[in-house]
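**Q** Would you mind keeping the following structure in view while I ask a few things?
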Amino acid sequence: MALNVTREVRKMEKCSVRDLRKQYAEVFGETTNASNKDWLIKRIAWRMQSNKEGDISKRARQRALEIACDSDVRMSPPPEIPKPKPPPDRKLTEEFRPSIDKRLPPPGNLITRKYKGQLHICKVRQDGFEYDGEFYKSLTAVAKAITGQHCSGYAFFNIQKADS
């Protein structure tokens, strides 16, 4: 009776992985831990076909051995990669304070600018700026809120470069 590989594959597609493992053990004579259904089906179908129709010829096997080059096979395990050292324990020596641009007055002071006939007042805070009851992280964001377009906050409020 001829083996119909397509029919066998369709049957196997309906099987569970557990059943395919049993079938693999029957066909190969050894168990497997594989749980990839597609791989199991391909391997079982190949083995069934090989058992029915025969293995490759001696000439083909000899040619495969000639082609195979085992000179690039590693003979020793790769060197062990050193594990990164854990960072040393950090100790808090003083409270962290975000750096404040030296061009700005100290927190709590006010920066003013008359724009389109209206006086705009911005308060410098430790963590940003306060304008019109809103908090802003940068002076540029304040300038954009006032003008409606992007411009340098330092240029808008006419704050000069700090002396080096």
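The values are calculated or read from the model by the stated rules, or taken from the named source; none is laboratory data. Because the structure is a prediction, the values reported are computed rather than measured. Note: ideal-geometry Cβ built from the backbone for every residue, glycine included; neighbour counts use all protein chains shown. Heavy atoms of the whole protein, side chains included, go into the accessibility calculation; ligands, DNA and RNA do not. Shrake-Rupley method; radii C 1.70, N 1.55, O 1.52, S 1.80 Å.
**Q** Give me the pairs, please: first residue somewhere in region 31-48 and more than 16 Å from T6 (Cβ to Cβ) and in a helix (DSSP H, G or I), second residue anywhere and open to solvent by less than 30 Å² (accessible area, probe 1.4 Å) and among the β-branched types (V, I, T), beta-carbon distance under 9 Å, and either six or more positions apart or on two chains.
**A** Final answer for the pair search is L40/T32; R43/T32.
**Q** What are the residue pairs meeting all of these: first residue in region 1-19, first residue closer than 15 Å to E53 by Cα, second residue open to solvent by 100 Å² or more (accessible area, probe 1.4 Å) and modelled with pLDDT under 95, Cβ atoms under 6 Å, and 6 or more apart or on different chains?
**A** L3/K52
**Q** Between A68, A64, A45, A60, which is of a type in the set (A, V, I, L, M, F, W, C), at pLDDT 90 or above, open to solvent by less than 70 Å² (accessible area, probe 1.4 Å) and farther than 30 Å from C122 by Cα?
**A** Residue meeting the stated conditions: A45.
**Q** Also, I was wondering about something else. With T6, T31 as the choices, which residue is under 37 Å from the mean Cα position of the chain (by Cα), β-branched (V, I, T) and loosely packed, with under 12 Cβ neighbours inside 10 Å?
**A** Unique residue meeting the criteria: T31.
**Q** Right, here's the next one. Could you list all residues from region 131-145 that are open to solvent by less than 50 Å² (accessible area, probe 1.4 Å) and either assigned to a helix (DSSP H, G or I) or in contact with an Asp or Glu (Cβ under 7 Å, 6 or more places away or on another chain) (or both)?
**A** L139, T140, A141, V142, A143
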